[in-house]
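The values are calculated or read from the model by the stated rules, or taken from the named source; none is laboratory data. Everything quoted here is computed from the prediction, not taken from an experiment. For neighbour counting, all protein chains shown are included, and Cβ atoms are generated from backbone atoms with ideal geometry for every residue, glycine included.
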Amino acid sequence: MPGREHELNEKLTRAKYTLEFKGEAVRQVKAGRAASVVAATLGMPKASLTNWVRADARGQVATVPEGKAAAPGITPDQAEIARLRAQVARLTMERDIAKKAAAYFAQDVLQSTPGFNR
């Protein structure tokens, strides 16, 4: 399968995440979201996220104060982009949940409507 080769090569490349990205992902898990859902939403491996959460619980993940750059090599613009990407991922997840709930309740209302045959 030609497409499969591309997938395998893509998986061999190690992703690098900013401290802001890690912090936002850990924050979402601490807020009560399932690690698998957060990882899928952010497009990352669940194992990496659970490792970050465990490291955070041990105090081993450096968190970045609000509005500060994570490292000398990261500009404030890059930090803002990372924060906004995490926010977009969170809002996308919330929107998808709301859409599923709306479809569920609409189907329920439709089924209780007289004359609805299924």
Would you mind telling me which numbered condition in (1) at pLDDT 90 or above; (2) touching a helix residue (DSSP H, G or I) at 6+ places or on another chain (Cβ under 9 Å); (3) more than 21 Å from residue 92 (Cα to Cα); (4) not aromatic (Phe, Trp, Tyr) residue 46 fails? (3)
Show the residue pairs that are 6+ apart or on different chains and have beta-carbon atoms under 9 Å apart, the first residue being within the stretch 85-103 and over 23 Å from residue 22 (Cα atoms), the second being surrounded by 11 or more Cβ atoms within 10 Å (Cβ to Cβ) and of a type in the set (Asp, Glu). none
Subset of the stretch 14-52, residues crowded, with 18+ Cβ neighbours inside 10 Å and β-branched (Val, Ile, Thr), comes to 18, 26, 29, 38, 41
Using the structure shown, decide if residue 13 is polar (S, T, N, Q), over 19 Å from residue 84 (Cβ atoms) and modelled with pLDDT of 85 or more. no
